[in-house]
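The values are calculated or read from the model by the stated rules, or taken from the named source; none is laboratory data. Please read all numbers here as calculations on a predicted model, not as lab measurements. Here the Cβ positions follow ideal geometry from the backbone for every residue, glycine too, while neighbour counts run over all protein chains shown. Ligands, DNA and RNA are stripped out before the accessible areas are found, and what is left, the full protein with its side chains, is counted by its heavy atoms. Shrake-Rupley method; radii C 1.70, N 1.55, O 1.52, S 1.80 Å.
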Amino acid sequence: MAPIISIRNLSKTYSNGFSALKNVSLDIEEGEILALLGPNGAGKTTLISIVCGMTNPTGGQVLVSGHDVVKDFRKTRGEIGLVPQELTTDMFESVINTVSFSRGLNGRKPNPELIDDILKDLTLFDKRQNALRELSGGMKRRVLIAKALSHEPRILFLDEPTAGVDVALRKDMWQLVSRLREKGVTIILTTHYIEEAQEIADRVGVINKGELLLVEEKNALMRKLGSKQLAIELTTPLQAIPPELAGLNLSLSADGRQIIHDYELGGNGGAIGPLLQRLEAAGIGFGDLSTRQTSLEDIFVSLIGEAK
Ligand SMILES: Nc1ncnc2c1ncn2[C@@H]1O[C@H](COP(=O)(O)OP(=O)(O)O)[C@@H](O)[C@H]1O
Ligand SMILES: [Mg+2]
C-alpha cells in the first residue's frame, strides 16, 4: 500500500540562513502511530508545519495521499488535523463556536452531533458555552484537540501534546490516541518525553539538528539497540575478574561486590546458566541476581550524544 505521507529529501533553510531540516526522507503508513523524538530545536515543528502546508520547504517534496502539500494545499490540509504546540485561538469565542467554526473552515458541512461527541470525549461538554479565556491551560489544550478533530481528519499531528500538562490530561490523551487508532487514524506525535513514545508509538523516529537519525519499529529498536545487564551479587568482594573468566563480557562494580554481565537482547538470553557454572568452577560464591534492561531513554541519549 502506498504510504499516506511520503516525505522526500525535505530541507528547510529559514530566511536568516539557518538550516532547520536537512534532507529528511520518511514514509508514514496509514493507521500507524509514529513518535518523533528530538530535543528542543531539532526541527520537529518545522517538519510538521511543512507537512501541514503552513511553511514552504526549500528543498524536497511532501505527498499526502499522493497529493503535493504545496500545489494541492486545500486537498491535503483537509485530510490533516493539527494540534499545535502553541495556543493560537480567539480567546473571546466560546468553546462550541470555536470547534464548530474549525469544521467549517475545513469545508465540512455542520454536524452538531459529532461536535457534541468530540466535546464529550474530551470532557469539554460542560464548558461548551464558556469563552476560551475562562478555561485553564489544560482545558485550552483540550479545545485545540477538539478543533483538530472537528473535520474528522485521517491524519492527526500532535505537536508536543503533553508538554506542561497535568497527569490526568496526559492519560486522557493517551486513551484518545488509542481510540483514534482503532478508527484507523494515522497519528504523528512529537515529544521529548521518551516515556510517551515508549508507551504509545508503533514506530519511533529520532530527529536531531534537522537530521532524521533513524526510524524504526519500536520493538525492533529495543531489540537492536537495547541490551540487558545481569548483576551478580558476590558473597566475597573481588579485586579483579579472575583471568580464567576472561572473554565472558564481565566487569566488576566499583566496590568489587558485584560482577556485571552485559548481553544483547534477542540473543541467547546471555547464556546465564553456563556463566554461573563457570563462576562456581572458579570458586566464586554468589547470592542474588538482578537484571536491568536499557530503556528507549538510554538509547535516545546515546544516539543524541553520538550526533553532537
Ligand atoms: N521562522 C524561523 N526563522 C529562523 N529560524 C527558525 C524559525 N523557526 C524555527 N527556527 C529555528 O529552527 C530550529 C528548529 O525549530 P523547531 O522546528 O521549532 O524545533 P523543535 O520543534 O524540534 O523544537 C530551531 O533552532 C529554531 O530556532
Ligand atoms: Mg516544536
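For the pair N249 and D288, a Förster radius of 22 Å applied to the C-beta separation gives a FRET efficiency near 0.65, rounded to the nearest 0.05. With q set to 0.13 Å⁻¹, the log10 of I(q)/I(0) for the range 227-307, from the Debye formula over equal scatterers at the Cα positions, is -0.45. With a Förster radius of 22 Å applied to the C-beta separation of L303 and S11, the computed FRET efficiency comes to 0.55. What the Kirkwood sum gives for the range 116-224 is a hydrodynamic radius of 15.2 Å, with every pair of different alpha carbons counted. If only the Cβ of Lys and Arg carry +1 and only the Cβ of Asp and Glu carry -1, the dipole of the chain around its Cα centre is close to 1040 debye.
The distance separating the Cα centre of the range 164-224 from that of the range 83-128 comes to 24 Å. Each DSSP beta bridge with both residues in the chain is either parallel or antiparallel, and the antiparallel ones are about 65%. Considering lysine pairs in the range 5-222 that are 8 or more places apart or on different chains, how many have Cα atoms under 14 Å apart? Final tally of qualifying lysine pairs is 8. Across the range 5-222, the fraction of Cα-Cα pairs farther apart than 30 Å, rounded to a whole number, is 21%.
Atom-type composition of the exposed protein surface of the range 5-222 places 49 percent of the accessible area on carbon and sulfur (1.4 angstrom probe).
Accessible surface area normalised per residue over the range 227-307 is 57 Å², counting heavy atoms of protein chains with a 1.4 Å rolling probe.
When the Cα positions of L156, A246, L230 are compared along the charge dipole of the chain, L156 comes out farthest toward the positive end, with charges on each C-beta of Lys, Arg, Asp and Glu.
Annotation: amide H of L213 within the under-5 Å range of V206, I207, N208, sequence separation 5 or more or interchain, hydrogens built in the peptide plane. Rolling a 1.4 angstrom probe over the range 227-307 with all protein chains present gives an accessible area of which 49% lies on carbon and sulfur atoms.
Rounded to the nearest angstrom and listed largest first, the equivalent-ellipsoid semi-axes of the range 164-228 from its Cα gyration tensor are 22, 15, 13. In the chain, helices alone account for a calculated mean residue ellipticity at 222 nm of -9500 deg cm²/dmol, with every DSSP H run of four or more residues adding -39,500 (n - 2.57).
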